[in-house]
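The values are calculated or read from the model by the stated rules, or taken from the named source; none is laboratory data. Just so you know, these numbers come straight off a predicted model, no measurement behind them. Virtual Cβ from ideal backbone geometry, glycine too; neighbours counted across all protein chains shown. These area figures cover heavy atoms from the full protein model, side chains too; ligands, DNA and RNA do not enter into them. Shrake-Rupley method; radii C 1.70, N 1.55, O 1.52, S 1.80 Å.
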Amino acid sequence: MNFHATIRPILVIFLLFGQFPLYGVLISKPQRWYVRWCSPQTVLCFVLLNVGLFLCFVECDRLKVIGVNADNIIGPLFYLDVIIIMVLLLRVACKWPTVVEKWEQTESLEVMQYNARQQDTRSCRRIRAIALLLLLMAFAEHMLSIGKTVYVKVDEARTCNWDYGNLPEYYALRTYGFFFQRVPYNFPSFIFLEYANTALTMAWTVQDVLLIMVSDSLAGCYKRINARIQFYTTVQVVARQKFWSEIHTDYVTVCELLEHVMSICSPLLVVSCGTNLYLICYQLFHLVETEKFIIMTVFTYFSLFFVILRTFLMLHHCSAVHEVARKPLKLFRRIPTGNWCDELERFYTFIRKNSIAINAMGLFRLTKKTMLTMLGAVITYELVMLHFAQTTANQGIVRECSTEEFHFEPKMQGRTD
């Protein structure tokens, strides 16, 4: 059982987008993974943070000119949110060496070797498949968003009789006019801005993928203990006191790992839940609008499906830890009264009196009931957003063929009537 060997290829993908900047991930030994402040990974992370801060400031400045409504407020909120996520991911990366130490201590337990080869293969394939699926869908969603924007800008030029000879230049000037009004247009700067915007967008998915990988592996640790308990509930154990004492100790070790990991990752979980709830409401809000182009409709539905899928998988894997950790209580019912002992009683009391689950900074614990509560919150927030949209219906509307959105004049080579 090797959690870090399983997630290493996924962490390499994180680094491509400047997220979770652990130095030495290409090395197979996780003891050598740490944050090195002068490494290319960390420098790229800080560059993206500064770009995000700059774009957030620009979006706020733009809304001061055109006004705020329920739709365009996503601009500054997006950059503010991804900045917070990247800072939290950097914080987790800084403390990851302590996670490596605790995880290897847990993996070295004898109970974790129970049916290890078969379980490791299944767990590795499952975690990597889910992570790659979400990352690919996130990238596809962003590319679809770029395609939608290009199509809208081209239609804008056609409607306004704007003549352009270079499509990348026209797209850059209309999309990043706030930047190119200060710096002459050049293709490398345009490519870097597109990469930075893509990397910042991927932060949403990176945080959920990290939480899914951690929670799935923690649930796997409890499953190993449950498998051994289930086997020995059907046979006569000679040294009952010693056996249940060892099982109890191993169980507490896994609980300590859970507590340690969540003390580091719980702020990320809180931000993830808040972000995903808002994004679901935002996408549902757009379903009531009539889109002008088919590509906009496709993007809206794909984006809504993706954020719901990502949220469900994150909540499902996190809440599964609670379900698996409580399973021994059901297994204990099979044990005959004659096989009951003091150590088993202590073990039973420990599980029953402790609510073992993924903890979000003490604000809430993720269980199946929590998922239903968040569903109700989506309905409530959607009603609030619809009310906000009504009160700001005449604000933040950019007139067609207007040049005020990014304070620059579009490149015009000629005009025809």
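Of note:
- At least 20 Å along the helix axis (C-alpha) and Kyte average at least 1.6, DSSP helices within the chain: 3-16, 74-94
- Largest to smallest in accessible area, the residues Leu77, Leu366 fall in the order Leu77, Leu366 (1.4 Å probe, all protein chains included).
- Size of charge dipole - segment 95-392 - debye, nearest 20, with Cβ of Lys, Arg +1 and Asp, Glu -1, no other charges: 1020
- Taking every protein chain into account, the accessible area of the chain amounts to 48 square angstrom per residue (probe 1.4 Å).
- For Asp71, the accessible area of its heavy atoms, probed at 1.4 Å with every protein chain present, is near 60 square angstrom.
- Kirkwood-Stokes translational diffusion coefficient of the chain, alpha-carbon pairs, 10 °C, 1.306 mPa s, µm²/s: 66
- Amide H contacts of Asp163 (H built 1.01 Å from N, in plane; Pro and chain starts excluded): Gln413, Gly414 sit under 5 Å, all sequence-distant by 5 or more or on other chains.
- Over segment 52-94 - Rg/Rh using Cα atoms and the Kirkwood inverse-distance radius: 1.12
- Centroid-to-centroid, using Cα positions, segment 80-112 and segment 161-238 are 18 Å apart.
- Of Lys64/Lys95; Lys29/Lys223; Lys102/Lys353; Lys29/Lys353; Lys64/Lys369; Lys102/Lys242, pairs whose Cα-Cα distance is over 30 Å: Lys64/Lys95; Lys29/Lys353; Lys64/Lys369
- In summary, the lysines within cross-link reach of Lys148, defined as a Cα separation below 18 angstrom excluding same-chain residues under 8 places away, comprise Lys292.
- Computed over segment 153-250, Kirkwood Rh from alpha-carbon pairs, angstrom: 19.3
- The accessible surface of the chain, taken with every protein chain in place and a 1.4 Å probe, is 61 percent carbon and sulfur.
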